[in-house]
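Student: So that we are looking at the same thing, I have put the structure below in structure tokens.
Computed from the coordinates by the stated procedures, all read-outs in this text should not be read as laboratory data. All of these numbers come straight from a predicted model, not from anything done at the bench. Neighbour counts are summed over all protein chains in view; Cβ atoms, including those assigned to glycine, are modelled from backbone coordinates with ideal geometry.
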Amino acid sequence: MRFRTIDHRARTTLALVVAACLFVMMLLTVVDVAGRKLLGTPLPGSVELTEIMMLGVLYAGLPLASLEREHVLFDLLDHVLSERLMALQDMVANLLCAALLGAAAWLVFVRAGRTAELGDTTAQLAIPLSGLQYAISCLLVIAAIYHLRLAIGRDAKESES
């Protein structure tokens with residue numbers, strides 16, 4: 001029961017983040033284009049904000065895709081493999097994904113620490129980059145955890161029912 005509640009809340013939160021980022025990207029584009037055409041001046045920082053929103057869509061969408069098992073699959077050999085081999089292949093693939101996502105999370109986390117020490121910010125709006133990198137690292141960890149759960153047979157879709 002507890003996993004169902006956590007999965008539902010995680011799914012809802014991630015979906016809201018993705019939707020909000022997409023909406024803000026759309027709004028930024030409309031305001032920027034209107035500013036260019038009507039006022040002759042673009043919205044300051046709109047490119048930076050759009051890039052940040054794209055990061056939100058990508059990295060909040062990654063755990064969602066993992067949770068829903070919606071990643072691209074290579075199924076050329078599925079018709080010749082037994083159910084047991086397919087299950088093993090699925091487990092190995094999910095373990096590999098979890099390991100790679102965990103390693104990426106660690107690298108981004110270390111990078112965020114260096115970025116924080118240097119005080120790096122975006123060029124126009126001076127938004128600190130380390131906070132974005134820490135958030136990305138956390139989202140990568142969430143995706144890695146989902147792949148671990150899938151590898152051990154705790155299918156995220158099953159936890160909803």
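Student: Would you mind telling me which residue in Leu76, Leu88, Leu27 has the biggest mean-square fluctuation in a Gaussian network model of the chain, where springs connect alpha carbons within a distance under 10 angstrom?
Tutor: The residue that fluctuates most here is Leu76.
Student: Same structure, new question: Quick one: compute a quarter of the convex hull surface over the Cα atoms of region 74-114 and quote it in nm². It would help to have the intermediate numbers written out before the result.
Tutor: Working: hull surface 12.3 nm².
Mean shadow area of the hull around the Cα atoms is 3.1 nm².
Student: [x] 75, 20, 12; [y] 36, 19, 15; [z] 37, 30, 12: which one is semi-axes √(5λ) of the Cα gyration tensor in Å as calculated from this entry?
Tutor: Answer by label: [y].
Student: I need the calculated FRET efficiency for the pair Gln89 and Thr122, taking r as the beta carbon distance and R₀ as 35 Å, to the nearest 0.05.
Tutor: Working: r = 42 Å, r/R0 = 1.21.
So the FRET efficiency works out to roughly 0.25.
Student: Whose amide H sits under 5 Å from the amide H of Thr121, counting only residues 5 or more places off or on another chain, with H placed in the peptide plane?
Tutor: Counting only residues 5 or more places away or on other chains, the set is Leu129.
Student: Quick check: pseudo-label points 7 Å beyond the Cα along Cα→Cβ at Leu96 and Phe74, how many nm apart are they?
Tutor: Roughly 0.7 nm, to one decimal.
Student: For the chain, with a Gaussian network of springs between Cα atoms less than 10 Å apart, report the residue from Thr13, Thr41, Thr122 with the top mean-square fluctuation.
Tutor: In this elastic network of the chain, the residue with the biggest mean-square fluctuation among Thr13, Thr41, Thr122 is Thr41.
Student: Of the options Phe74, Val108, Tyr134, report the single residue whose Cα projects farthest towards the positive end of the charge dipole of the chain (beta-carbon charges: Lys, Arg +1; Asp, Glu -1).
Tutor: Value computed over the given set: Tyr134.
Student: What is the gain in length, in nm to one decimal, between Ala104 and Leu81 on full extension, counting 0.36 nm per residue of separation less the C-alpha to C-alpha distance?
Tutor: Contour length minus Cα-Cα distance gives 5.2 nm.
Student: About the Cα centre of the chain, what is the dipole size in debye to 20, counting +1 per Lys and Arg Cβ and -1 per Asp and Glu Cβ, all else neutral?
Tutor: 340
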